[in-house]
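Before any comments, here is the structure.
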């Protein structure tokens, strides 16, 4: 078992911020990503947390992402906000878009945000979570480099392409948060197993011929297994249409990998739909959500999507997070 060390969320954010700036990222671009990294660690999604900071820094230094980019916002229609991330990090581009998106939803009841020419947005649910905190129902979509083959095929055409839905609750936290990829497991988990030299379970990935494999290195050369077979492929295609075709971003089949240094900026995209539930349900939205949640909670052993992350987040606020000392050593080497 790898050694760990406990860090507070503020320490995780500070360490992430300093490493990103040392790699050549501006303060304005580093801060949103550092905040997201701390929140991701708090949620227990270590595969997208501090472990990604050395990768982010490497990608800034090799030019796969422009750490000094300035995202450009436009509002072509009252209900449409667009942001060109200019090959920079997705997080500052999304933050910029939210500043206009949220007021637009309050004005009109619904609005969308389209982000193009961006980079890996990390945990998609982190972004929809914040819209739910603002009292909005949020749907988020992001495309990724191709890693899922079509039904009956073996050559990847779409990415793991996560989607997320966050529903506001009465306590300022989401009453329900769905955040899932179109693959059986996030590709980052297969990459993590490959780095650690650990086998993967059958059903996570396929070899280049479309056969199941337990070797993560072979799976990374083949394709990710879609969740639910052809239904997972359908989810990936839906997300590709929304996050790439509808935003003007690069399709997954043409995007460079999020891993490694080859290929230049991936130029992928994100798409968010935000709705004010107060204008669509005649005041019945909150009670409808409560009834749905109660129907689930009343069953012994049942849980609501997002419960696990919420519990870990509450614990992390007071007790900090256990992080890999090997990961910390990699990050600190960037600061020396």
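Before moving on, here are some points about what is shown:
- Calculated FRET value between residue 303 and residue 261, using beta carbons and R₀ = 30 Å, to 0.05: 0.15
- Long-range Cα-Cα pairs in segment 215-274 (distance over 16 Å), rounded percent: 57 percent
- Projected onto their three principal axes, the Cα atoms of segment 133-187 cover extents of 46, 16, 16 Å, largest first.
- Cα-projected label distance for residue 333 with residue 196, points at 7 Å along beta-carbon direction, nm: 1.9 nm
- Residue 4/residue 108 FRET efficiency (R0 35 Å; Cβ-Cβ; nearest 0.05): 0.15
- Rough spin-label spacing in nm, given labels placed 7 Å along Cα→Cβ, for residue 207 and residue 151: 2.6 nm
- Both the radius of gyration and Dmax for segment 27-147 are 14.4, 42 Å, in that order, over alpha-carbon atoms.
- Potential lengthening of the chain between residue 280 and residue 58 amounts to 75.3 nm, from the contour at 0.36 nm per residue minus the alpha-carbon distance.
- The packing ranking, built from the mean of other Cβ atoms within 10 Å per residue, places the peptides 142-153, 170-181, 201-212 in the order 142-153, 170-181, 201-212, highest first.
- Sorting 293-301, 92-100 by average packing, meaning the other beta carbons within 10 Å per residue, from highest down gives 92-100, 293-301.
- Placing one equal scatterer on every Cα of the chain and applying the Debye formula, the log10 ratio I(q)/I(0) at q = 0.06, 0.08, 0.13, 0.15 Å⁻¹ is -0.20, -0.37, -1.03, -1.38.
- Peptides 75-86, 273-284 ordered by average Cβ neighbours within 10 Å, highest first: 75-86, 273-284
- According to the calculation over all Cα-Cα pairs in segment 132-248, the P(r) per 10 Å bin from zero is 15, 39, 28, 14, 3 %.
Where a number appears in this text, it was derived from the coordinates with a stated rule and is not lab data. All values reported here derive from a predicted model rather than from experimental measurement. Counting neighbours? That spans all protein chains shown, and the Cβs are built from the backbone with ideal geometry, glycine included.
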